[in-house]
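The values are calculated or read from the model by the stated rules, or taken from the named source; none is laboratory data. Note that the coordinates shown come from a computational prediction; the quantities given were computed from them, not determined experimentally. All Cβ positions, even for glycine, are placed from backbone atoms using ideal geometry, and neighbour counts span all protein chains on display.
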Amino acid sequence: MEYETVIGLEIHAELATMSKMFCGCSTDFGGEPNSRTCPVCLGHPGSLPVANAKAIADSILLALALDCDITPRSIFHRKNYFYPDMPKNFQISQYDVPLSSGGQIVIDVGDRTRTVRITRVHLEEDTGKSIHVGESGRIHGAEHSLEDFNRAGIPLVEVVTEPDLRSPEEARVFMQLLRSTLEYLEISDCKMEEGSLRCDANISISADGVLGTKVEIKNMNSFRALFRALTYEEERQRFLLRDGGTVIQETRHWDEGAGKTHPLRTKEEAFDYRYFPEPDLVPLEPDPRFVAELKSGLPELPRARMMRLVEQYGLPEDISVMLTGEKALADYFERAVETGQDPVELAKWIAGDLVAMLKESVVPIRHCPLEPRGLGELVALVAQNIISGKMAKDVLREAYETGKGPKEIVDSKGLAQIDDAGRIESVVAEVIAENPEAAEDLRNGKEQALKFLMGQVMKKTRGQANPEMASEMMKKSLR
Amino acid sequence: MAVTIEDVEHVAKLARLALAPEEKQTLSRQLSDVLEHARVISAVDTTGVPPTSHALPLVNVLRDDVVRPSLDRDDVTGNAEWAENGAFKVPRII
Amino acid sequence: MSIIFADALTISDMIKARKISVREVLEEFFGRIDEVEPRVHAYINLSREEAYLAVEGLEDELLRGADAGPYAGVPIAVKDVLSTRGFPTTCGSRMLEGFVPVYDATAVERIKAAGTIMLGKANMDEFAMGSSTENSYFGPTRNPWDLERVPGGSSGGSAAAVAAGEAPWALGSDTGGSIRQPAALCGIVGLKPTYGLVSRYGLVAFASSLDQVGPMARTVRDCAGLLGVIAGHDPNDSTSISAEVPDYLEGLTGEVKGLRAGVVKELSSEGIDADVLSLFKAGVDKLSDMGIECEEVSLPSFSYGLSAYYLIAPAEASSNLARFDGVRYGYRSPEEHEDIWEMYDRTRAAGFGQEVKRRIMLGTYALSAGYYDEYYAQAQKIRTLIVRDYGRAWQNFDVLVSPTSPSTAFKLGEKTSDPLTMYLSDICTIPVNLAGIPAISLPCGLSDGLPVGFQVMAPPLEESKLLNVAYALEREVGFEALPPI
């Protein structure tokens, strides 16, 4: 029995427009409940929607980035269902005539590539938020709920893929690439943890080429959760099938704490959405010239940039993937390259130490206290052997924390590497004299002792001794 | 095409209306009558006729992405005595 | 001399000429209201205090010679389907009893800017669903011509108020005939503008693709004046037309010779009462007398108008009324609820009346899985056929005419036992809404003491021509009768 995992994703991203999709209320995050609402997004009697031009332009931009066809005439539809976070008990969305369809995007997984077809990209409005009041604060077991409509009406772009993904890892890579794409286009904050990027998945197991029953998985609130949930579900379904069971078509909820998916039990009515064209909005016919303008204005997209950096600068692929995950980071790298230093070295420093420091201090790359120029300076100092690689790490940290230039730090602290052979020779001799047992060990071939002795040399020279030189001398002396 | 009691119950659930048994009976009858009368349109040949969802030839009516003032809290919750701290209280969902 | 039966424009001129003070005008109308309201019940809520407060400021402005609007001081009734900020808007329903909107409908904003003074919110069939105003939660309105009879609906309160002298003019709304039919039954003039000419922002939606706000008054000229105030583009309504609004008053020349009028065959034979038909035909003769060429024209798809309407309108309504759920405003069932689903079900069962529930059910059914194509989609195609029929007609005719209502005012309770019987009241008016064209009803005589209405229809955005033909006919008919009340 040949089993294959089949996954399709449905992603919603909040567009970072200033105002909501159908009214002028601010889209700022947070705020007192219902402080960013009006008759339109509260569904007051007599209120009417008026579509946000930027939201439409942003959606078209995303559709173009995903290689989709823009529908010449699309309309909005009403999706009718009752839920307390719905101001009108219908959601203005798109149904059979969406803004765009028929695109694709290529992802890299390991040493393979996978083309993922995009079924559609369309526009709709977000719902409000329910705060469940009860012991656990979750919906199950709540005593009552409180409805906040600040989020209601925020524009959402929905991306639906064909079931072309073949593993949880592929799903994760896809989501990361989609997130990067949204970030490159500057149309969404795309923070899964804040809810501005949401993902539901459909997963099934095909046996010997026969498509299996698909199960919908919801409530995955991070890339990690996505991966874990799909891994769990994949296993659950495979075991079920292997043991002769049947997979039930249902919606399952990912429980992060328990590490499992559970069937979602709600008393919602049967899902007959009774879609019909939204009579309060008129059709969209994007001007082909406008679309062409948007298309020609597309920035270099993440994967293309990744491949170019590998090609142009000889970066290892995994580092290039890391750098191009975020546009600002890749921009930083390319500005650093302008200093003339070795791109691979620069890349390693950024992808390694710098990103770690940014994460630690929760600072986005665009507010990085060390300018690309400064990083170039640091790398130059190492390249010129003025400081060792190890010393450079400390200099980097100091530059990051104080804002001072690396060269300034090295000069003011006298951190320049000691290359003076005579000086090193005398320190080596001192260390050997002070540590006879270790010296003896090294003479007898115990390599461990070298480490210890080198440590002593570094202590005496405050880390500034040229490590290669010192190491050579140490070994020579104790041959 | 008769609208049965089951149909009525199903539709009432979609429309979130609690109906008394007599109401269901009456509605079953009345809806059947109206739909029977409306059936006359089923006989009309509409091949190739597009539906009119909008009487106007308008397209692309949009607004600029500009923030406008939102409502004061009093205006938001003024028509809901059950509101709590600016949020709308509702009975449990599950 | 009492001004309660004077035209709005005459009252306006009198105010400007200082022949009467704005306060006196109000006193006259509230005096009349106090006298006849107990019998007519045209209003749900009166805005007496607010009105007197408004005129206090207005008196000063007028004394100073400030521009207080073209119709400063002229009172008006507003159908309770339009949102009025700070003043209750009930839509004739328990669902919105006590509901106070936080914004003004655009039409309301504009009549305020024109200086008019709101007397109160007029009674109506609940959520505009009905043809008799018997579906109001707050009790029916009675026809001033015969208090045992209905004023028509759903703008029955507006029509009765104007007919009885309880307001010189009023705003109504029309989805399938709700301005024109009550205007006909009450012997006044009512106009439904081209779809999109008047903003729907603040008009509580019944059927979004059919609803329009329109003027109701004693004369065609008044209607033209009021239309000029409310018409025009509104950025808050995506379905609002951008075309320039002509001066409708200027267009009333009375010159109609050489125009061509089509008498709609499907709307002037079967199903129309004999007395209505004979007065209608007399009206057609008067058109001929004025030099208008009248000829019968067949628009076959009109036979399907009623059926298409009673699928499209309830479908849209079922969605528009979903927001009434006791969560953010309006009625909420006061019992303890197991969960929100029970709260929804009970709130909506108790908040809505029978006709509204019936239409919500009908509409939900027509949109539901398995039935959409057969009912809703097919009805939208019939709509296209109706638009095409009109399109063909406009190639040969400047206007089309028909009776407004198949009968004169019927008795209260006469048509309430069978919904279909009531729905048939709309056969003449419905095709107009489906096509989105403008139409007007004006009185063309009395039959057994009850008014009969004559309907004129015109191509989209040709209100000027429409009003002019109506104006000429009005003069020719010379309807001067007043209700006995």
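Worth a mention:
- Flag if A:L165 is in contact with a helix residue (DSSP H, G or I) (Cβ under 6 Å, 6 or more places away or on another chain) and farther than 26 Å from B:P69 by Cβ: yes
- Within the stretch A:102-113, considering residues that are part of a strand (DSSP E or B) and free of Cβ contacts under 8 Å to residues at least 12 places away in the same chain, the one farthest from A:D287 (Cα to Cα): A:R112
- Residues of the stretch C:229-267 satisfying the condition of being of a type in the set (G, A, S) and either touching a Pro at 6+ places or on another chain (Cβ under 8 Å) or crowded, with 21+ Cβ neighbours inside 10 Å (or both): C:A231, C:S238, C:S240, C:A261, C:G262
- Residue within the stretch C:61-71 that is away from chain B (no Cβ under 14 Å), under 23 Å from C:G190 (Cβ atoms) and buried (at least 21 other Cβ atoms within 10 Å of the Cβ) present: yes
- Single residue of the stretch A:182-213 satisfying the filter (under 30 Å from A:R242 (Cβ atoms) and among the β-branched types (V, I, T)) that is surrounded by the fewest Cβ atoms within 10 Å (Cβ to Cβ): A:V210
- Among (1) assigned to a helix (DSSP H, G or I); (2) within 10 Å of chain B (Cβ to nearest Cβ); (3) surrounded by fewer than 24 Cβ atoms within 10 Å (Cβ to Cβ); (4) in contact with a Pro (Cβ under 8 Å, 6 or more places away or on another chain), the one test that C:H337 misses: (1)
- Only one entry in A:A51, A:A65 is away from chain B (no Cβ under 11 Å) and of a type outside the set (S, T, N, Q), namely A:A65.
- Qualifying residue in the stretch A:329-351 (condition: touching a residue at least 60 places away in the same chain (Cβ under 8 Å) and part of a helix (DSSP H, G or I)): no
- For first residues located in the stretch C:201-219 and under 12 Å from C:K79 (Cβ atoms) and at the interface with chain A (Cβ under 7 Å from one of its Cβ atoms), partners that are charged (D, E, K, R) and surrounded by 24 or more Cβ atoms within 10 Å (Cβ to Cβ) and lie 6+ apart or on another chain with Cβ distances below 8 Å form the pairs C:L203/C:D211.
- Listed by first and then second residue, the pairs with beta-carbon distance under 6 Å, at least 6 apart or on different chains, first residue in the stretch B:27-54 and more than 7 Å from every other protein chain (Cβ to nearest Cβ), second in a helix (DSSP H, G or I) and buried (at least 16 other Cβ atoms within 10 Å of the Cβ), are B:S28/B:V8.
- Yes/no for A:S320 being surrounded by fewer than 13 Cβ atoms within 10 Å (Cβ to Cβ) and either within 14 Å of chain B (Cβ to nearest Cβ) or not hydrophobic (A, V, I, L, M, F, W, C) (or both): no
- All positions within the stretch A:455-466 that are assigned to a helix (DSSP H, G or I), in contact with a helix residue (DSSP H, G or I) (Cβ under 7 Å, 6 or more places away or on another chain) and surrounded by 18 or more Cβ atoms within 10 Å (Cβ to Cβ): A:Q456, A:V457
- Qualifying residue in the stretch B:67-78 (condition: within 12 Å of chain A (Cβ to nearest Cβ), farther than 30 Å from C:A435 by Cα and at pLDDT below 95): yes
- Out of C:T416, C:T421, sole residue that is more than 7 Å from chain B (Cβ to nearest Cβ), within 24 Å of the chain's Cα centre (by Cα) and not in a helix (DSSP H, G or I): C:T416
- The criterion of at least 3 residues that are touching a Leu at 6+ places or on another chain (Cβ under 7 Å) and of a type in the set (A, V, I, L, M) is met by the following strands (runs of 3 or more DSSP E) wholly inside the stretch C:43-138: C:75-79.
- Residue that is surrounded by the fewest Cβ atoms within 10 Å (Cβ to Cβ) [pool: residues in the stretch C:378-389 that are more than 7 Å from chain B (Cβ to nearest Cβ) and charged (D, E, K, R)]: C:R388
- Taking chain B and the helices (runs of 4 or more DSSP H) fully enclosed by it, the elements with 1 or more residues that are under 30 Å from C:R85 (Cα atoms) are at B:5-15, B:73-77.
- For C:E293, the conditions (1) out of contact with any Gly (no Cβ under 7 Å at 6 or more places or on another chain); (2) at pLDDT 95 or above; (3) surrounded by fewer than 23 Cβ atoms within 10 Å (Cβ to Cβ); (4) at the interface with chain B (Cβ under 10 Å from one of its Cβ atoms) are fulfilled apart from (4).
- Hey, C:A313 out of contact with any helix residue (DSSP H, G or I) (no Cβ under 9 Å at 6 or more places or on another chain) and either of a type outside the set (S, T, Y) or more than 29 Å from C:P406 (Cα to Cα) (or both) or not: no
- Applying the criterion of being free of Cβ contacts under 8 Å to residues at least 24 places away in the same chain and within 7 Å of another protein chain (Cβ to nearest Cβ) to the residues of the stretch C:366-377, the residue that is surrounded by the fewest Cβ atoms within 10 Å (Cβ to Cβ) is C:A369.
- Within the stretch C:97-129, the residues that satisfy the criterion of being under 21 Å from C:A207 (Cα atoms), in contact with a helix residue (DSSP H, G or I) (Cβ under 6 Å, 6 or more places away or on another chain) and not acidic (D, E) are C:A107, C:A122, C:N123, C:M124, C:F127, C:M129.
- Residue in the stretch C:284-318 that is farthest from C:A205 (Cα to Cα), counting only those that are assigned to a helix (DSSP H, G or I) and charged (D, E, K, R): C:D289
- Some residue of the stretch A:80-101 being on the phi > 0 side of the Ramachandran plot and assigned to a strand (DSSP E or B): no
- Note on the stretch A:256-265: among residues that are touching a residue at least 12 places away in the same chain (Cβ under 8 Å) and part of a strand (DSSP E or B), the one that is surrounded by the most Cβ atoms within 10 Å (Cβ to Cβ) is A:T261.
- Taking (1) in a helix (DSSP H, G or I); (2) closer than 22 Å to C:P215 by Cβ; (3) out of contact with any Asp or Glu (no Cβ under 8 Å at 6 or more places or on another chain) in turn, C:I33 satisfies each apart from (3).
- Note on the stretch B:55-66: residues that are more than 24 Å from the chain's Cα centre (by Cα) and more than 7 Å from chain A (Cβ to nearest Cβ) total 1.
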